[in-house]
Amino acid sequence: MLTIFPYITVPALSGNIKSDIKNLLYLNNKQKTFDHVKSVAETNVKIAEQYGLDKDLCELCGYLHDVSAVVTSDDMLQYAMENDWYIDEAERKYPFLLHQRIAKTIAEEDFGIIDKQALSAIECHTTLKANPSAYDMALFVADKLSWDGEGCPPFYTVVSDALKQSLEAASLAYMNYIISNNMILHPHKWFKKSREYLPKYNNGDLSQ
C-alpha cells in the first residue's frame, strides 16, 4: 500500500519490525511518532504481563499501530473512498481518524502481518469497538497511557487505577473521562458501540 503514495520513502524491509518501523518513520520525518509507538509498545508489554497476554504480540501491535502516520489525512480519506470502505461520519469530518484502519492495511499488506488478533487491535486502537478482545483493549489503553501530547495525560491516574481492576474498566474509564470533559471531537460509531458494550463487564460507578 505504501508505494502508491509517491511522497512516502519506503525502506527495504529487513523483517525486524522495530528497526523497519523506525527506518520508515525516520525517513519520512516522523521521529516523534516513532517515540510514541515505542512508548506504546513498552506500555503494552507491561499490560501483557499484568493480564497474561502474549508479550511479543502486544509489542508488535504497539510498534505498528501508528505506521499510517506517513500517509496524509486527505489520502486516507481518498483511499477509503476508492476502496468502497464504510466511512463513519466522524471519519468523514476528521479523516485522520481513519489512521487506525489504514495502519491495519499497511501492517497486513506491507509488513505481512497475518495474526488476526494483532490486525484487529491495530484497526480499533483509537476508538475500540463492540465486543473487543483483550488485545484490542490492551492496545487501546496503552495508546492512551502513552499519548503523544505534552506532559502526562489528564486521565492518566483515572485509567491507571481502573487498569488494576480490568482491561474493560480501564477502557471505559478513559471513554467516560473524555466524554465528561468534552475531549472528543466527534464520537465514532465504533466508540459508541464499545462504550455501550463495556458496562456489562464492570462493577460500580465505572459503568455509569
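Throughout, read-outs are computed from the coordinates displayed, never taken from laboratory work. What you are looking at is a predicted structure, and each value in this text was computed from that prediction instead of being measured. A quick note on method: Cβ atoms are made from the backbone with ideal geometry, for glycine too, and the neighbour counts reach across all protein chains shown.
General observations
- With R₀ set to 41 Å, the beta-carbon distance separating Ser19 from Ser180 gives a calculated FRET efficiency near 0.50.
- Estimated from helices alone, the mean residue ellipticity of the chain at 222 nm is -17000 deg cm²/dmol (sum of -39500 (n - 2.57) over DSSP H runs with n ≥ 4, per residue).
- Spin-label pair Tyr26/Tyr51, simplified geometry with 7 Å Cα→Cβ offset, distance in nm: 3.2
- In summary, the chain shows an alpha-carbon radius of gyration equal to 0.98 times the 2.2 N^0.38 Å reference for compact globular proteins.
- Here Lys93 and Met1 are evaluated by their C-beta separation; at R0 = 25 Å the FRET efficiency comes out at 0.60.
- Here the stretch 120-165 and the stretch 1-65 have alpha carbon centers that stand 17 Å from each other.
- Taking other C-beta atoms within 10 angstrom as a stand-in for reagent exposure, Ile4, Ile17, Ile102 fall in the order Ile4, Ile17, Ile102, fewest first.
- Straight Cα distances below 26 angstrom link Lys55 to the lysines Lys18, Lys22, Lys30, Lys32, Lys38, Lys46, Lys104, Lys116, Lys129, Lys144, Lys164, with same-chain residues fewer than 8 positions distant left out.
- A Förster radius of 35 Å, combined with the Cβ-Cβ distance separating Gln78 from Tyr156, puts the computed FRET efficiency at roughly 0.50.
- Derived scalar couplings ³J(HN,Hα) [the stretch 128-137; Karplus, 6.51 cos²θ - 1.76 cosθ + 1.60; whole Hz; x for Gly, Pro]: 6, 7, 5, 6, x, 7, 4, 5, 4, 5
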